[in-house]
Amino acid sequence: MDRILLKLSGEALAGEKHTGFDEAVVRDVAKQVKAICDKHIQVSIVIGGGNFWRGRTSDNMDRVKADQIGMLATVMNCIYAADAMRAEGLKTHIMTPFACGSMTELFNKDKAIEYLENGEVVFFAGGTGHPYFSTDTATVLMAIEVEADVILSAKAIDGVYDSDPKTNPNAKKYDTMPISEIVDKKLGVIDLAAAVLAMENKMPMMLFGLNDTNSIEKAVTGGFTGTTVTV
Ligand code: UDP
């Protein structure tokens, strides 16, 4: 594993509050990312927007406008998380598919790879830049574009189960799961467009719970207990 793309859902940044930011949670993520960078593994990051915005407020709202708010929420999340990483001593960059003035820079593959090769953390904010997509799709797209080895997806749930562990105490967690099964059974672990893109471009994923102690580091250095999605 030389280059990873870490995906954090927006809600992951909010901790127990489920909205906005939980400083302790973000600081813990930043410390883990610093430890990974210190091992000379290159880190890029995509963050969702769910801690600020969950789609249309009613059927009266235009979907495109709602998605634009969602994309901007991901920019705010990246600004916050990048600042937490700066406080840990990391150099960071935020790239977006659309102009955000002096706050971010436009995505450019060569530039992103140059930063990563310098040991600097690169955030891909703003999703794909298009409505009707999700940050899952942006995650897979960016991982393919910057030639990441694997996607590490930190979620509220600690892996892929055969049924909902919240309602079924006997739910079984899979150690591995072929991406073709996620696509064929439309499992909803990640959205279908993202799953198809990952399958066609052979981009593996590791899914795990952000709440588990040092789970991001463990996915890289050993002791991983989530689900590996194979391609
Ligand atoms: N979004 C979008 N296009 C993209 C990525 C995201 O329109 O390429 C919008 C969409 O409204 C989405 C929101 O941004 O609901 C936040 O992303 P997501 O739901 O993936 O965040 P998460 O649930 O991971 O926090």
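Some observations on this one:
- Spatial separation of Cα centroids for region 20-69 and region 129-194, in angstrom: 16
- Under the convention that each Lys and Arg Cβ holds +1 and each Asp and Glu Cβ holds -1, the size of the dipole of region 3-230 around its Cα centre is about 200 debye.
- 43, 64 arranged by Cβ crowding within 10 Å, fewest neighbours leading: 64, 43
- Residue among 137, 167, 176 with the largest mean-square fluctuation in a Gaussian network model of the chain, springs linking Cα atoms under 10 Å: 167
- In terms of surrounding Cβ atoms within a 10 Å radius of their Cβ, 16, 114, 105 rank from fewest to most as 16, 114, 105.
- Available extension along the chain between residue 98 and residue 60 is 11.0 nm, counting 0.36 nm per residue and deducting the alpha carbon span.
- Shape of the chain, Cα gyration tensor, a/c cut at 1.5: rounded
- Comparing 89, 209, 119 in a Gaussian network model of the chain where C-alpha atoms under 10 Å apart are linked, the largest mean-square fluctuation is found at 89.
- For the chain, DSSP calls about 15 percent of its internal beta bridges antiparallel.
- More than 19 Å apart - percent of Cα-Cα pairs taken over region 1-111: 49
- Residues 40, 130, 18, 93 arranged by fewest to most Cβ contacts within 10 Å: 40, 18, 130, 93
- Within the chain, longest stretch clear of exposed trypsin sites (Lys or Arg not before Pro) (DSSP loop, no more than 14 other Cβ within 10 Å): 92-165
- For the chain: relative contact order, % (alpha-carbon pairs under 8 angstrom, 6 or more apart): 21
FYI, it's all coordinate maths here, none of it is from the lab. Every value quoted in this text rests on a predicted model; they were computed, and no experiment measured them. So basically every Cβ, Gly included, is an ideal-geometry build from the backbone, and we count neighbours across all protein chains shown.
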